[in-house]
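Here is the structure we will look at.
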Amino acid sequence: MNIISGTKKGHKIISPNTKFRPTQSKVRSAFFNTVNIESKSFLDLCSGSGAMSLEALSRGASHVVSVDIERLSIKAIFENYKKIFPENENYIIKRMSLDDFVKRTKDKYDVIFIDPPYFSNLYEKTIKIIFEKELLNENGIIVAEMAIEYLSKTTFHKKYNHEIRRYGTTILLFINNK
């Protein structure tokens, strides 16, 4: 897996030695071609290898926060930042669950990316907390990656101003703060 574009295009991303599902290159590319990340703050919940966070920094994000609960994922994310961005300190790595993080943080973000294990109950609960705590900046956006089967079995997204984009069996659910 490599960084697709930006100042660090082509750099190899180390994956954690655990079972995890990385965001496919075509989905990462579609996300960043849709969402302008330049000079914006980016929160990556359930970061895995940190691929989305690394891509955001490579494409000019002003500040990135990577959150994951798995120790091996945090180790891989840390190694990736140190190897690919040794001169950049515009990132924070947090080892905690995504729901603990959104409950505790007081920071606001321009872009929040949520990619928990598919079919988990974390999507609806996390998005609800984000809006309750007003963690999005004005004109901010939440993007949730999920399986098409999951979205077809839920209706929580209909409460929000949203757009759905499909990439094979993967869905990106865009929820605007408007």
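Only the coordinates and a few stated rules stand behind these numbers; no lab work does. Bear in mind that the values here come from a model prediction, so they are computed numbers and not experimental data. When we count neighbours, we look across all protein chains shown, and the Cβ atoms used for this are built from the backbone with ideal geometry, even at glycine.
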Quiz prompt | Identity of the residue in the range 138-156, touching a residue at least 24 places away in the same chain (Cβ under 8 Å) and over 16 Å from the mean Cα position of the chain (by Cα), that ends up nearest to CYS46 (Cα to Cα) | solution = TYR150
Quiz item: Looking at the range 86-103, is at least one residue hydroxyl-bearing (Ser, Thr, Tyr) and either part of a helix (DSSP H, G or I) or within 27 Å of GLU163 (Cβ to Cβ) (or both)?
Solution: no
Quiz item: Of all residues in the range 57-82, how many are among the aliphatic types (A, V, I, L, M), in a strand (DSSP E or B) and more than 19 Å from LYS9 (Cβ to Cβ)?
Solution: 2
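Scan the range 3-51 for residues that are outside any loop (DSSP other than H, G, I, E, B) and without any contact (Cβ under 8 Å) to a residue 12 or more places away in the chain and report the count.
At the first step, the residues of the range 3-51 found to be outside any loop (DSSP other than H, G, I, E, B) are 12, 25-34, 41-45, 51.
Going one step further and asking which of them are without any contact (Cβ under 8 Å) to a residue 12 or more places away in the chain, we end up with 12, 33.
Matching residues across the range 3-51 total 2.
Based on what the data block shows, is ASP107 of a type in the set (Asp, Glu) and part of a helix (DSSP H, G or I)?
The answer is no for ASP107.
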